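The values are calculated or read from the model by the stated rules, or taken from the named source; none is laboratory data. Because the structure is a prediction, the values reported are computed rather than measured. Note that we place each Cβ from the backbone using ideal geometry, even for glycine, and neighbour counts take in every protein chain shown. Heads up: the accessible areas ignore ligands, DNA and RNA and are worked out on the full protein's heavy atoms, side chains in. Shrake-Rupley method; radii C 1.70, N 1.55, O 1.52, S 1.80 Å.
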Amino acid sequence: MLAFNFFGATEGGLFDINATLPLMAIQVVALTYILNSLFFKPVGNVVEKREKFVSNNIIEAKNKLSEVKKLEADLLTQLQSARTEAQKIVSEAENESDKLYKEALELANNEANASKEKARLEIESQTSAARDQLSKQADDLSELIVNRLILEK
Amino acid sequence: MFFNSLLTNFAALEVGQHLYWQIGNIRLHGQVFLTSWILLGALLVFISLGTKKMENDPKGLQNLLEFLWDYIRDLARTQIGEKVYRDWMPFIGTLFLFVFVSNWGGALIPWRLIKLPSGELGAPTADINTTIALALLVSLSYFYAGLSNKGWRYFEYYVHPTPIMLPFKILEDFTKPLSLSFRLFGNILADELVVGVLVFLVPLILPIPVMFLGLFTSAIQALIFATLAAYYIGEAVEEHH
């Protein structure tokens, strides 16, 4: 039935519309199905899979970043509290040592004062004893001098 | 027809002559099918080579095909809308690729070197049958898109925003395929004629810029055809609020 007529009559013209039209339409529809299964579907699958992969990774990275930021803030508050704690401990220790120092100083002062007082009293008693002895010796000496003067007469 | 015979004899160019194939009692323009089979065959070979080994890290041809796919998706998505563009992307893409390959194939391959008993090989889109076939497919598609998406509510589009629009919208259904088919047909045929006349008159250098202009026009026409087809489908599925 396929009687190709390559040497057909040269009728026609620019606007010669014939069975070429529906056949070309069928050909384009067939081409649509062929290209869909050969080109649009496979390429679309690959591209969309990659787009999904990329967007998933971006979301994951964003989640991780926010987690890191949260942890960072957490650490910062911990650091802050640790720092205030340390400050408190240091100031407490300073107060304590200050107090101890003052106590020790007071104790030492008292002791020193007591021993100074004792020494002063001792010195005083010795001084008076020595003065008593001296005055006694002076009395003895004067008596001796008087006796001798009287005896010579 | 006087007009046709005038064109036929102009500058020894063969215009409006066809290579007729007779199958039973239907007659076909053989040259249109011959060139379209060669060009579509090349396109399919190209695509098969590019999609043979698909990888996650695209290389070589796959890159090009993915770029093309992305381009077509953007075209379909911007015109048709996020909701249904997936259904129509293969059709829009096929229109784009078919028209583009036909236009460029017609302009780039020196078909004239192949002698036919009657008529001559050229861009399949320079034949009115091809462009009307494409335009009617677009018309059917947008009707189908509108009816399948919105049912009978599709016809609200005709009285939107006011019933005064009804005659114009009905007229549009006829002017859309008419303008689609004649725009493509006219541009490609005119380009072939201009190049043909210039080659005949001044066979050196002068036709080259016109050939480049022809390549530009060919690409633009493919883009326009696909964009308008997508726009019509988008218009049909759009929800009015």
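In this structure, residue A:63 does satisfy being open to solvent by 80 Å² or more (accessible area, probe 1.4 Å), in a helix (DSSP H, G or I) and either more than 26 Å from residue B:48 (Cβ to Cβ) or touching a residue at least 60 places away in the same chain (Cβ under 8 Å) (or both).
Does residue B:16 satisfy the criteria of being at the interface with chain A (Cβ under 9 Å from one of its Cβ atoms), in contact with a Gly (Cβ under 9 Å, 6 or more places away or on another chain), modelled with pLDDT of 85 or more and surrounded by 12 or more Cβ atoms within 10 Å (Cβ to Cβ)? No: the conditions fail for residue B:16. Return a yes/no flag: does the stretch B:200-220 have any residue that is among the polar types (S, T, N, Q) and open to solvent by less than 40 Å² (accessible area, probe 1.4 Å). Checked against the condition, which is being among the polar types (S, T, N, Q) and open to solvent by less than 40 Å² (accessible area, probe 1.4 Å), the stretch B:200-220 yields at least one hit. The residues of the stretch B:140-156 that are away from chain A (no Cβ under 11 Å) and among the polar types (S, T, N, Q), listed by number, are B:148, B:149.
The residue pairs whose first member lies in the stretch B:19-32 and is of a type in the set (S, T, N, Q), whose second member is part of a strand (DSSP E or B), and whose beta carbons are closer than 9 Å, counting only pairs six or more residues apart or on different chains, are B:22/B:28.
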